[in-house]
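> My questions will all concern the structure given below.
Just so it is clear, none of the values below were taken in a lab; they were calculated from the coordinates. On a predicted model such as this, the values are computed, not experimentally measured, just so you know. Backbone-built Cβ (ideal geometry, glycine too); neighbour counts: all protein chains shown.
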Amino acid sequence: MSLMVWIKVHIREGKMDEYMNLHNSPNGRAYTLSQEGCNSIIRSIDRENKNVLLLTEEWDSMGDWDKYIAKRESGKEDDNFLKKIANLLTNKGHEITFSEITN
């Protein structure tokens, strides 16, 4: 069974371009896609609030996601990517929802 990760990112007014540049950097989307168990990332912008980015990720398992997040939180492999993007977010930060794909 696969895991879907839904991330709603609340970006400060005027910081979307800076966020997207970080997300497009080698330590952003490409790094995530290179992690074991990450199958896809779809990125979209909310139609009603252009400062909200929606990330939809498919992972093989919660265990793979947990390993990935532990690496991200350590900042050792990705030049502290999470700390860099944290400076671009509103007080809402990001919301994460997990769901399982069933057939």
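> Nearest 10 degrees, 0 to 90: what angle lies between the long axis of helix 62-74 and the longest principal axis of the chain (Cα atoms)?
Orientation of helix 62-74: about 40 degrees from the principal axis.
> At a Cα cut-off below 18 Å, give the lysines reachable from residue 84, other chains included and same-chain residues fewer than 8 away excluded.
In chain and number order, the partners are 8, 15, 71, 76, 92.
> With each pseudo-label sitting 7 Å past Cα toward Cβ, what's the residue 90-residue 17 distance in nm, one decimal?
The modelled label-to-label distance comes out at 2.1 nm.
> Quick one: dipole size for the chain, taken about the Cα centre, charges +1 on Lys/Arg Cβ and -1 on Asp/Glu Cβ, in debye to the nearest 20.
400
> For the chain, what mean projected area does the convex hull of the alpha carbons give, in nm²?
6.6
> Place a point 7 Å from the Cα of residue 98 along the Cα-to-Cβ direction; which residues of segment 19-46 have their backbone N under 15 Å from it?
37-38
> Let me ask something else about it. Please pull out the direction-averaged projected area of segment 35-89, using the convex hull of its alpha-carbon atoms, in nm² to one decimal place.
4.4
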